[in-house]
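For reference, the structure discussed in these notes is given below.
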Amino acid sequence: MATPSVAGGGLRAAIASHLDSRQVSRVVYGSIVGLALVTALEAHPPGPAVVAGLLASTALAVALAELYSELLGTRVRLRRAVDAPRRRRIFADVAAVAGGAAFPAVYFVLAAAGVMEAGTAFALAKWSGLGLIAAYGFVAARLGGTDVRGSVLQALAVGAIGALVIALKALVH
């Protein structure tokens, strides 16, 4: 599928293209990984630069695990080497997972630069992760033909995953 450019097809077309791609599920997966790490670190937080580094290194580790497992699984299923088009799709999926997991690092880079407090970075990382997961749930339901009420219910249900991660951290600490 051709990806429209932001300039030629507009931002709306670029977003629609992203939402039609396989990467949506990968971004959500990565976001849940990032959210879990942020909530785990919040109890005894290291400095914001360290949190940013941990998020980036976790994103890299998850991406490499995803890359290896996808290449290995594809090769086993095909009983031959993975061809270039499939490798490109796998690399795009891996990049989406890494991006979802690393995204909260932005807040901690800003905190390390003195733009915000570390506590604010943790709050933004947690709640924007939860919001992203719920928003993707809503949009996926709408694209699947569900009415607005049903889409809101689906967003709440999938958002409950992120809320569960946050709540479990609160219970354990």
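Quick look at the values:
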read-out: Pair list, Cβ under 7 Å, 6 or more apart: the range 153-173 residue assigned to a helix (DSSP H, G or I), other residue surrounded by 13 or more Cβ atoms within 10 Å (Cβ to Cβ) and basic (K, R); value: I166/K126
read-out: Every residue from the range 77-94 that is within 21 Å of Y29 (Cβ to Cβ) and part of a helix (DSSP H, G or I); value: R77, R86, R87, R88, R89, I90, F91, A92, D93, V94
read-out: The listed residue being over 30 Å from E117 (Cβ atoms), touching a Gly at 6+ places or on another chain (Cβ under 8 Å) and not aromatic (F, W, Y), out of R86, R26, R79; value: R26
read-out: Some residue of the range 95-117 being out of contact with any His (no Cβ under 6 Å at 6 or more places or on another chain), hydroxyl-bearing (S, T, Y) and within 17 Å of V28 (Cα to Cα); value: no
read-out: Single unsatisfied condition, A7 versus (1) surrounded by 13 or more Cβ atoms within 10 Å (Cβ to Cβ); (2) at pLDDT below 95; (3) not in a loop (DSSP other than H, G, I, E, B); (4) not hydroxyl-bearing (S, T, Y); value: (1)
read-out: Filter result (buried (at least 22 other Cβ atoms within 10 Å of the Cβ) and either out of contact with any Pro (no Cβ under 7 Å at 6 or more places or on another chain) or not in a helix (DSSP H, G or I) (or both)) within the range 104-125; value: P104, A105, Y107
read-out: Output for the range 49-83, where each listed residue is surrounded by 19 or more Cβ atoms within 10 Å (Cβ to Cβ) and either in contact with a Leu (Cβ under 8 Å, 6 or more places away or on another chain) or of a type in the set (A, V, I, L, M, F, W, C) (or both); value: V51, A52, L55, T58, A59, V62, A63
read-out: Per-region count, the range 139-153, residues crowded, with 19+ Cβ neighbours inside 10 Å and either within 19 Å of G34 (Cα to Cα) or modelled with pLDDT of 90 or more (or both); value: 1
read-out: Any hit, the range 97-106, residues being of a type in the set (V, I, T), farther than 17 Å from G47 by Cα and touching a Gly at 6+ places or on another chain (Cβ under 7 Å); value: yes
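The values are calculated or read from the model by the stated rules, or taken from the named source; none is laboratory data. Treat the numbers as computed from the prediction; the structure is a model and nothing was measured. All Cβ positions, glycine included, derive from the backbone under ideal geometry; neighbour counts span all protein chains shown.
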